[in-house]
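One structure below.
Each reported figure results from applying straightforward, stated rules to the coordinates on display, with no laboratory input. The shown structure was predicted, so the numbers you read here are calculated from the model rather than taken from an experiment. Here the Cβ is made from the backbone with ideal geometry for all residues, glycine too, and neighbour counts use every protein chain on show.
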Amino acid sequence: MKLFARIITASAVAALTLFTGCSEDAPSDLPKPGLGGLTINKYVAVGNSLAAGYQSSGLYKSAQMYSYPNLLAGQLKLAGAGLGTFEQPYWPDPGNPDPKTGKAARYVIISLADPNNPVIGPKGETVTAMAPENAATLMRPYDNLGLPGAPLAGFMDTVGTYQGGFGPAIVRGAAGLPKSVFRSVVALQPQLVTFWLGNNDVLGYATTGGTSPSAPTNLSIFQALYTQALDTLKKALPNAKVAVATVPDVRTVPFFTTIGPKVGAKLAANGGLSLYYQKSGETGMGTGTTKFSGGSGDPLICLTGSAYAGLIGTPTGKFYKDNGFPALPAGIDTTKPFGVHPQNPWPNALTLDSAEQAIAGLAVTNFNAAIKTIAASYGAAVVDVNAVFTDIHKNGVLISGVKYTTAYITGGLFSLDGVHPSNRGAGVVANEFIKSINAKFGTTLTGVDVASLPALDIPLSKYMASGTGIPKVAPARWDSFLGLWQ
Amino acid sequence: MEVTLKTHLYRSIAMVIIALMALQLTNAGGFQLNEHGSRAMAQGGAWAARAYDGSAIFFNPAGLGFQNHGSLYLGTTIIAPGVSFYGPTNQGQSGKTEMVSQVFTPINVYATYPLMEGLTVGLGINNPYGLGTEWDDNWTGRYITQKIDLKSFFFTPTVGYKVSDNLAIGANVSFVTGDVTLSRMVSPGDAKVELELSGTGFGFGGGVIFKATDELSIGASYRSSVKIDAEGTAAFTPSSALFPAGDAAASLELPSTAFIGVAYKVMPGLELEADYQYIGWESYKELKIDFKANNSSSVSPKNYENTFIIRVGGEYTMDEYQFRAGYLYDANPVPDHYVEPLLPDSDRNGFNVGLGYKLSETMTLDLSYLLLKFDERTVTGTEVQFDGTYQSTAHLFGINFGYQF
């Protein structure tokens, strides 16, 4: 038995040795964050609502934390950038007030009393702050200069005409800070600037069904403004690296793609009726008809039409009452069934018809061509967000086992207003910026782990994903959102 | 005295079996398990040409033909796997996530009885397929997997027949039960899905051992694939009409396997064996789960490839001791594109040692240890878009108790 005991002991010792000898080193070929020799102690984001982290029709801290500039700043710090605090104009939850109601503007899923038709919109949350939390104490420009609603012209604007409704709260020219975004950037002396403007030069046109404004920004003006922007940046900050981004095709976002197919399904179920709608410029009788058969001639129905989609087929003048028409426009007869009769057609303001789509599409194509050409001549990196989102619109994107799409709510990438990215959508955008910056400037920034960002808050227990359900946002509730572009 | 001892022994054995079954009910181990007897395990699992003990029911049923005595052989393997994941690199991440530590204890129980000279019957109960991985509930791969537990029980009545002094054949059938529980998160809205499925299946096998000379023995065996049609439920938390909660079903084909081995008595007391094991993993093309609530299916392509294991080992007998050692090389069946944290496999080198001890004329104790070193595996462009590097190791401890009558 002695030998046996000895063998057991020896085996135990051998096993223990093997155990302790087994801890492996980390693999050597893993991505390591780095700046590729650059020194980056200041990063500034120039942009609009997309940069601001505006979500679900509101500006509020719990969404702003996941703005793509803030996510990018986090990855820059991981790579060794000495940014300190990346200052953003955090608006304490529940965020900014709707100017008309004084209550929080942001949307939530309000009611699922009819789970097939979720009601979405502001739910009357009491606003806790009338300005960003550190607007009065931070005596320098914000590092995130995303101005919700600002068009390209907002960059050089010194009087606030093009700075959007949030300009005074974010640029704070009245408080003695630089009066323009451009001057603010120069004051901050960044080594890296992300510049993503231009979306609002077509988005305001599109989200109002081509009515307000009645055309996208003129191309030659766009080219001149873009050239001026990059040129002045180059002259003021000759050593700063600049990354710009293309404008996504508005036709890929859920604001335009959600309601039409659902209306089509409803009409098909009702004996294959056609939708009668007002074409571009029409105010009376509607001459457009569609069965939403999927052809390129189909109109896109704005998410703002969600409140009226359920009324199709009934004699109603609700749209005209809601929108303060003093009298019915000539040619309109609201005793006729709404949306299925030429004399009570689906309104132009809720429709992007094929002509308007062509105008918006051409503007996007031309803007993006201009962005790429001008960026190239100033040595800026180009993030082709349009290409990325067009691909996601077509194919979806699989990230860590989840298939994300551009579908409203269930797609996971867009917030409840159907235009602005969700936290994870912002993560996808941030990663595209990182890829382009790495490729252009030789940095090795690592990406954002999209799955680690909070998912869209959906009251799942009540939500129905029926094929015919039409999400509903009460019409007045879009005022704040559409007001972005007024 | 003799009677008392036997009664005591039987009672002890019964208790051990019950305890082992209870252990197994809470755990399961790697998708295919090849440790089904400590004596074989200590020799790298190279056992198909000899199959001297009850584990012949697994390795080669022909082995029973040469066993002209009754026996009980029962034991367990304590499996402690460890996996570290670095990634997901396609999301720019390089952080390390460790799989939650678990210990698995597949059992093996074999009873054999000689009906007459040259004809021996037996029954085996073991767990040839099992899988268990668990990651932190909140980890970044939670939409791919949080936890999976797959276990199978094979009940295998076997007959072995000695055709002549140097040739034996054997055959068996297996009645199989399989259970799988699986949990992960689903999008949109962050809900957790938990699946519980169970089912039964049927398989068969056969083998032959030919003693070419007094020193040289050749064995071959085959076990069919087993198709398990499992049914159960899918539960979603929170529940939502977005998700197909309720009855669910899946079909899983456990792969066929075959051994061919050559054993040689080098000198008195020393036997060596080398085996080639083939596994028909091609049967695992996809994991398709059908949800009856909305007639939908979730299909995860797997596209495993047929693969093999090389096994070499031997034992040296000295008085009441047997010293054993072995080595195995296990080529993994998972193409790079399909590697995922659900089953982060890679090629394995296994180093085996063990000891047999004769407690009495009729009783034996076998101990074994296997260190499984998985090759570090880095994958990119994976099916689930979850790339990175896996480092895995497993420690396996086997213990078996044998009784001959």
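For the stretch B:212-300, GluC sites (Glu not before Pro) are listed when DSSP marks them as loop and at most 15 other Cβ atoms sit within 10 Å of their Cβ; the list is B:E215. Across the stretch B:2-404, C-alpha contacts under 8 Å between residues 6 or more apart give a mean separation that, scaled by the residue count, equals a relative contact order of 18 percent.
Relative contact order of the stretch B:282-405, taken over Cα pairs closer than 8 Å and 6 or more residues apart, is 18 percent. In this structure the amide hydrogen of A:K241, modeled in the peptide plane, comes within under 5 Å of the amide hydrogens of A:L192, A:V193, none closer than 5 places in sequence on its chain.
What is the order of A:D353, A:D29, A:D333, A:D201, fewest Cβ neighbours within 10 Å to most?
Lowest count first: A:D29, A:D333, A:D353, A:D201.
Dipole check for the stretch A:107-193: with +1 at the C-beta of Lys and Arg, -1 at the C-beta of Asp and Glu, and the Cα centre as origin, the magnitude is about 320 Debye. Based on the reciprocal of the average 1/r between different C-alpha atoms, the Kirkwood radius for the stretch B:2-404 equals 22.0 Å. Most fluctuating residue of B:N34, B:N68, B:N138 in a GNM of chain B with Cα springs under 10 Å: which is it? Sorting by GNM fluctuation, first place goes to B:N138. Within chain A, antiparallel bridges make up roughly 45 percent of the DSSP beta bridges whose residues both belong there. In the frame of its principal axes, the protein assembly as shown has Cα extents of 109, 66, 44 Å, reported largest first. Secondary-structure-derived ellipticity at 222 nm for chain A, considering helices only, amounts to -9500 deg cm²/dmol, per-run term -39500 (n - 2.57) for DSSP H runs with n ≥ 4.
Listed by chain and number, the aspartates and glutamates whose alpha-carbon sits under 15 Å from that of A:K394, ignoring those within fewer than 8 places in the same chain, are A:D249.
Using r as the Cβ-Cβ distance of A:K403 and A:A330, and R0 as 60 Å, what FRET efficiency do you calculate, to the nearest 0.05?
Numbers: r = 49 Å, r/R0 = 0.81.
The pair A:K403/A:A330 has a calculated efficiency of 0.75.
Relative to the longest principal axis of the Cα atoms of chain A, the long axis of helix A:219-236 lies at roughly 30 degrees.
Based on DSSP H segments of at least four residues, each scored -39500 (n - 2.57), chain B has a per-residue ellipticity at 222 nm of -2500 deg cm²/dmol. In terms of distances greater than 27 angstrom between alpha carbons, the cross-link table entries A:K103/A:K262; A:K291/A:K336; A:K403/A:K435; A:K318/A:K403; B:K151/B:K358; A:K291/A:K372 yield A:K103/A:K262; A:K318/A:K403; B:K151/B:K358; A:K291/A:K372. Taking B:P268, B:P341, B:P301 in turn, the Gaussian network model of chain B (Cα-Cα springs below 10 Å) assigns the largest fluctuation to B:P268. What the phi angles of the stretch B:169-175 give under the Karplus curve with 6.51, -1.76 and 1.60, with θ = phi - 60°, is a coupling list of 10, x, 8, 7, 10, 10, 9 Hz, glycine and proline written as x. Of the GluC sites (Glu not before Pro) in the stretch B:87-153, the ones in a loop by DSSP (not H, G, I, E or B) with at most 14 other beta carbons within 10 Å are B:E117. A straight line joining the Cα centroids of the stretch A:244-268 and the stretch A:302-348 runs 21 Å.
Here the simple spin-label model places points 7 Å from the Cα toward Cβ, and for B:F155 and B:D336 these points are separated by 4.6 nm. Relative to the longest principal axis of the Cα atoms of chain A, helix A:423-441 runs at roughly 60 degrees. Residue-wise HN-Hα couplings along the stretch A:84-101, as the Karplus relation 6.51 cos²θ - 1.76 cosθ + 1.60 with θ = phi - 60° gives them from phi, are x, 7, 7, 7, 10, x, 5, 9, x, 4, x, x, 5, x, 6, x, 7, 9 Hz; Gly and Pro carry x. Per the Cα gyration tensor, the stretch A:256-352 maps to an equivalent ellipsoid with semi-axes of 20, 14, 13 Å, ordered largest to smallest. Taking amide H atoms as placed 1.01 Å from N in the peptide plane, the amide H of B:L33 lies under 5 Å from those of B:Y129, B:G130, each 5 or more residues away in sequence or on another chain. Summarising the amide proton neighbourhood of A:D93: residues at separation of 5 or more, or on other chains, whose placed amide H is nearer than 5 Å comprise A:K61, A:S62. Using a Förster distance of 56 angstrom, determine the FRET efficiency expected from the C-beta separation of A:K103 and B:F202, and round it to 0.05. Efficiency for this residue pair is about 0.25. A DSSP coil position with no more than 16 other Cβ atoms inside 10 Å describes the following trypsin sites (Lys or Arg not before Pro) in the stretch A:247-331: A:K291. Can you give me the distance in nm between label points at B:K192 and A:K32, each placed 7 Å from the Cα along the Cα-to-Cβ direction? Computed distance between label sites B:K192 and A:K32 equals 3.8 nm. Computed from the C-beta positions of B:I399 and B:I310, the FRET efficiency with R₀ = 35 Å rounds to 0.85.
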